[in-house]
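Student: Next up is a structure, given as structure tokens.
Each reported figure results from applying straightforward, stated rules to the coordinates on display, with no laboratory input. Only a predicted model underlies this, so the values are computations on that prediction, with no experimental measurement involved. Every residue, glycine among them, receives a Cβ derived from its backbone with ideal geometry; neighbour counts consider all protein chains shown.
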Amino acid sequence: MTALLRSTWLRLLVTSVILGYLVRQVDTGAAARAILNVCLWSLAVVAVLLALDRLVMVWRWVLLLQAVRTPIGVGAAARIFLVSSFVGSFLPAGVGGDAARAWSLGRLTARTSAALASVAVDRLLGVMAIVLLGTIGAVVWTRTAESAPQDWILLLAVLVAAGTVAAFWADRVVPRVLPARWRASGLGQKLLRLADAVARYRRTPRVLVSVLGLSLSVQVLRVLQAYVLGLGLGIDVPLTYYLVFMPIGLLMLLLPLSVSGFGLPQGVIVWLLQPLGVPDELSFALSTLIVLSGIAGNLPGGWLYLRGKGVKG
């Protein structure tokens, strides 16, 4: 199953099928014209929000690295993050950049388990922030719409929060669930070292709270980016609803089932905007601009990559 999810052909197939379906259902000519006519002021605002987005993302990872005294400077960590994000644009969505980041840091510091743990904790808290923001948005929106919040959304938030907290006790859980014959194997030893590295963050609760707060800030910035792009396209949807559909779209983006974010996240966004009467061509244009803005945010990493400053301190 893991090998299947990593398959480039699977991602290309999923992306092609969904994009093919959208192209057949949507007036792509109208969508293209909407993209070309988007207000320039909205693009300028999004550029500023993107810069803040990347700055906060780098800083939260630096806090995690400093919490366990990883031997790397802030500048080197920032370069690794930015370059890995750029490289991740050509790898499985959601996990490609993380894998490149962990590999680069492990290679530079010779602490592979600690590198993997920092990226894993960063991702765990990021997912928790997305779910929490989506839950808040769902509660606010359903109250505005005079309907009760969906119980499954609240349940999902509780489960994700519980799972995230439990991950920091992996050093106690993994040895118990890992079969004895596997513990002496190479993979088993790696899992045990990773569990110990993740558990080290249990002793830094203030840092974890700070990183979670920064993760929430990142998701709010992304919601604002989508909202501003929507305004630039002339989409009349309340900001509160962006708090509902954007977290779902971001979760779809984390799944390793798309190429550079195209396909599945776009289909979900188009589907979620239909109940509000947004024309498919406009929602498709919005989803495309969201993906393109994410790619644009990774371009500084491309510049560093071309200059050969990916992993050098």
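Student: If each of Val74 and Leu52 carries a label point 7 Å out from its Cα toward its Cβ, how far apart are those two points in nm?
Tutor: Placing both labels 7 Å along Cα→Cβ, they lie 2.0 nm apart.
Student: Tell me which residues come under 5 Å, amide H to amide H, from Val26 once H is placed; ignore anything under 5 positions away on its chain.
Tutor: none
Student: Most exposed first by the Cβ proxy, i.e. fewest other Cβ within 10 Å, how do Phe81, Phe86, Phe168 rank?
Tutor: By the 10 Å Cβ count, ascending: Phe168, Phe86, Phe81.
Student: First obtain the Kirkwood hydrodynamic radius of the range 41-306 from its Cα pairs, then insert it into the Stokes-Einstein equation at 20 °C and 1.002 mPa s, and state the resulting D in µm² per second as a whole number.
Tutor: Result for D is 110 µm²/s.
Student: Taking θ as phi - 60°, what are the ³J(HN,Hα) couplings along the range 173-186 by the Karplus curve (6.51, -1.76, 1.60), each to the nearest whole Hz, with x for Gly and Pro?
Tutor: 7, 4, x, 7, 8, 7, x, 4, 5, 8, 5, 8, 6, x
Student: List every residue whose amide H lies under 5 Å from the amide H of Ile72, counting only residues 5 or more places away in sequence or on a different chain, with H placed 1.01 Å from N in the peptide plane.
Tutor: none
Student: Determine Rg/Rh for the range 196-257; Rg is computed over alpha-carbon atoms and Rh is the Kirkwood hydrodynamic estimate from the same atoms.
Tutor: Ratio of gyration radius to Kirkwood radius for the range 196-257: 1.15.
Student: Arranged by the count of other C-beta atoms within 10 angstrom, fewest first, what order do Ser113, Ser118 take?
Tutor: Ser113, Ser118
Student: Summing +1 for each Lys or Arg and -1 for each Asp or Glu, what net charge is found among the other residues whose Cβ lies under 9 Å from the Cβ of Val119?
Tutor: So the surrounding residues net to 0.
Student: How charged is the neighbourhood of Val46? Take every other residue with its Cβ under 14 Å from the Cβ of Val46, and add Lys/Arg as +1 and Asp/Glu as -1.
Tutor: +1
Student: Relative contact order for the range 41-306: what is it in percent, counting Cα pairs under 8 Å that are at least 6 residues apart?
Tutor: The value is 32 percent.
Student: Determine the sum of side-chain charges near Ala199: Lys and Arg each +1, Asp and Glu each -1, restricted to other residues whose C-beta is under 14 angstrom from that of Ala199.
Tutor: Net charge around Ala199: +4.
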